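In what follows, a single structure is set out as structure tokens and then discussed.
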Amino acid sequence: MKVRDRKTLRVIATFLLALPVTLLANEDLSINGFLSVGASKSDADAVYYEGIADEVSFEPDTVVGVQFSAPVTEMVSFTTQLLASGNKDTYDLAADWAYADFSVGDSASIRAGRVKLPVFMASEYLEVGAAYPWVRPPEEVYSVVPVSAFSGVSAHYTGNFGNFDFSIEPYYGSHTEDIPQPTGVLSSTVRGFTGASLTLGNDVFTLRAGGLQGQLTIPEVGLDDEELSLFSVGARIDWENVLILSEYASRDIPGIVADSEGWYAMLGYRAGKFLPHVTVAQLDTDEVTPLAQKQKSTTVGVQYQLDYSTLLKVEWKNIELQEGSAGLFSTLPSDDKISIFSASVDLTF
Amino acid sequence: MKTMKLKSLLLGLTFTLGLITFPLQAGVVVIGHVSNNASLDSKQIARIFLGKATKFPGGAKAAPVDQAPGSAARTDFYNKVVGKGEAKVKAYWNQRIFAGKGKGRPKEIGDGAAVKSWVSSHPKAIGYIDSSLVDDSVKVLFSAD
């Protein structure tokens with residue numbers, strides 16, 4: 001899941017060495033952090049998405065991050081987010097994003113560096129457990145684009161008509177990532193990464209749509225500069241005590257990598273400090289490839305607000321594998337109905 | 001007198017337990033610098049405190065300030081003026097901040113007295129205090145119920 005791009009990391013490291021000098025001289029520096037400690041356990045004899053297995057494991061859902069943001073001049077600011085994730089064998093610290101933000105007037109800005117990929121509703125705060133009600137956003141949709149940041153430029157324009165606010169975010173860049181698969185590691189490169197995301201909303205309702213395309217190369221499976229395309233749409237209704245979230249994503253890649261389509265719908269209700277929620281989700285891929293991922297799931301969970309900045313979450317997810325596929329498991333489990341229990345403490349500081 | 005004591009004891013207990021938040025008797029007012037001539041409704045105030053508007057209706061830059069979490073005026077302000085509970089607002093800012101879109105969020109100042117003194121000396125500032133704290137060092141821009 002986490003992104004590795006050595007060249008970019010080197011550039012970022014250089015940036016980071018220069019950063020303290022800028023920051024120490026700046027009293028407008030803002031520091032924000034988040035911490036999620038999560039544990040999960042499944043009853044399957046195979047490893048699920050991000051390493052969830054039949055023994056209690058803290059690694060998949062444990063992450064700590066610190067974000068530094070400082071104005072450099074009146075118009076330019078610098079932001080970086082350092083992330084240590086239990087997702088790797090070691091809690092290695094990496095700059096998940098680091099970019100310079102150039103303001104163009106009050107309503108537009110351009111970012112350059114390592115920027116977040118704004119494809120889904122929660123893409124830009126995927127690691128921040130305190131920003132959504134689940135222990136982790138539904139993987140039936142979020143696994144469709146397993147990339148959270150890329151190297152390039154993005155622009156951001158916001159405006160409003162009447163009671164509606166909108167924003168437009170076009171972006172361009174490239175991305176390199178090693179994708180671990182049961183069959184071995186695939187080294188993927190996407191060039192000419194071009195896309196845009198559009199958000200429209202008011203106080204209660206938010207609609208987001210996005211699309212991107214690029215040229216994908218994965219030498220291990222014989223993909224050479226093949227066109228890949230993605231489309232996503234999501235809606236959020238936050239009315240009084242009712243919270244509804246729903247997203248759809250589809251991915252189109254030629255060759256052996258499966259085309260896939262995922263969606264989920266969540267209904268939640270805020271009852272004082274409790275937010276119970278139920279989510280149904282489905283992931284479907286085309287049948288022709290050995291990597292087909294087909295599963296349905298129902299998740300029931302509750303979020304409890306322990307104090308102003310701390311959330312406790314528990315959830316139970318019941319997965320039904322479809323048509324003999326292994327779904328998001330790395331190997332085929334012996335039972336096609338699997339339960340996963342997860343709990344987390346999420347805080348921001 | 002006795003009922004007042006009982007009431008504050010109950011309120012104290014409620015906040016300590018942190019289970020329910022009562023609407024308070026004393027109202028919360030939105031204040032600005034004495035030189036601020038903006039006329040604002042609750043919608044415009046909500047937009048400023050949610051970082052969706054960066055200016056007062058007249059075009060002057062707005063710099064919102066918050067009281068510390070747990071203050072009664074803060075709870076009151078978000079429920080009655082902004083129309084969203086604090087938990088909702090916190091989740092909203094978590095999303096904005098870590099998406100790198102946290103610009104324009106209110107600066108946290110402290111209690112009502114600290115907010116009043118800050119607003120009285122910062123022409124762009126907009127804050128909220130309990131109506132009992134109002135004096136002529138600040139201007140009341142909006143009053144909740």
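Quick notes on this one:
- Pair list, Cβ < 8 Å and 6+ apart or interchain, from segment B:74-94 residues that are within 7 Å of chain A (Cβ to nearest Cβ) and crowded, with 21+ Cβ neighbours inside 10 Å to residues that are of a type in the set (A, V, I, L, M, F, W, C) and outside any helix (DSSP H, G or I): B:N94/A:F34; B:N94/A:V128
- Within segment A:329-346, being in contact (Cβ under 8 Å) with a residue 60 or more places away in the chain and surrounded by fewer than 21 Cβ atoms within 10 Å (Cβ to Cβ) holds for A:S330, A:T331, A:L332, A:S334, A:D335, A:S339, A:F341, A:A343, A:V345.
- Exactly one residue out of A:V221, A:V190 is touching a residue at least 12 places away in the same chain (Cβ under 8 Å), under 17 Å from A:V144 (Cβ atoms) and β-branched (V, I, T), and it is A:V190.
- Filter result (under 17 Å from A:S167 (Cα atoms) and among the hydroxyl-bearing types (S, T, Y)) within segment A:207-235: A:S232
- Members of segment A:306-331 that are more than 14 Å from chain B (Cβ to nearest Cβ) and touching a Ser or Thr at 6+ places or on another chain (Cβ under 8 Å): A:V314, A:E315, A:W316, A:K317, A:N318, A:I319, A:E320, A:S325, A:L328
- Residue among B:K84, B:K80, B:K101 that alone is more than 30 Å from A:A149 (Cα to Cα) and more than 11 Å from the chain's Cα centre (by Cα): B:K84
- Taken residue by residue, segment A:98-118 has no member that is more than 12 Å from the chain's Cα centre (by Cα), surrounded by 20 or more Cβ atoms within 10 Å (Cβ to Cβ) and not in a strand (DSSP E or B).
- Flag: A:G159 does not match the condition of being within 13 Å of chain B (Cβ to nearest Cβ), part of a strand (DSSP E or B) and over 16 Å from A:L198 (Cα atoms).
- Considering segment A:227-255, the residues that are β-branched (V, I, T) and more than 12 Å from A:F120 (Cα to Cα) include one that is farthest from the other protein chains (Cβ to nearest Cβ), namely A:I253.
- Test: A:G211 is in contact (Cβ under 8 Å) with a residue 12 or more places away in the chain, surrounded by fewer than 17 Cβ atoms within 10 Å (Cβ to Cβ) and touching a Gly at 6+ places or on another chain (Cβ under 8 Å): yes
- Where A:G222 falls short, out of the listed (1) within 14 Å of chain B (Cβ to nearest Cβ); (2) farther than 22 Å from A:S143 by Cβ: (1)
- Any hit, segment A:164-181, residues being outside any strand (DSSP E or B) and surrounded by fewer than 17 Cβ atoms within 10 Å (Cβ to Cβ): no
- Evaluating A:D224 against the criteria (1) within 17 Å of A:S246 (Cβ to Cβ); (2) among the charged types (D, E, K, R); (3) surrounded by fewer than 17 Cβ atoms within 10 Å (Cβ to Cβ) leaves one unmet condition, (1).
- Once segment B:31-61 is narrowed to residues that are among the aliphatic types (A, V, I, L, M) and away from chain A (no Cβ under 12 Å), the residue that is surrounded by the fewest Cβ atoms within 10 Å (Cβ to Cβ) is B:V34.
- Filtered by the rule that a residue be over 20 Å from A:K296 (Cβ atoms), modelled with pLDDT under 90 and touching a Gly at 6+ places or on another chain (Cβ under 9 Å), segment A:141-155 gives a lone residue, A:F150.
The values are calculated or read from the model by the stated rules, or taken from the named source; none is laboratory data. Worth saying up front: this structure is predicted, and the values here are computed from it rather than measured. With ideal geometry, Cβ positions are generated from the backbone for all residues, glycine too; neighbour counts draw on all protein chains shown.
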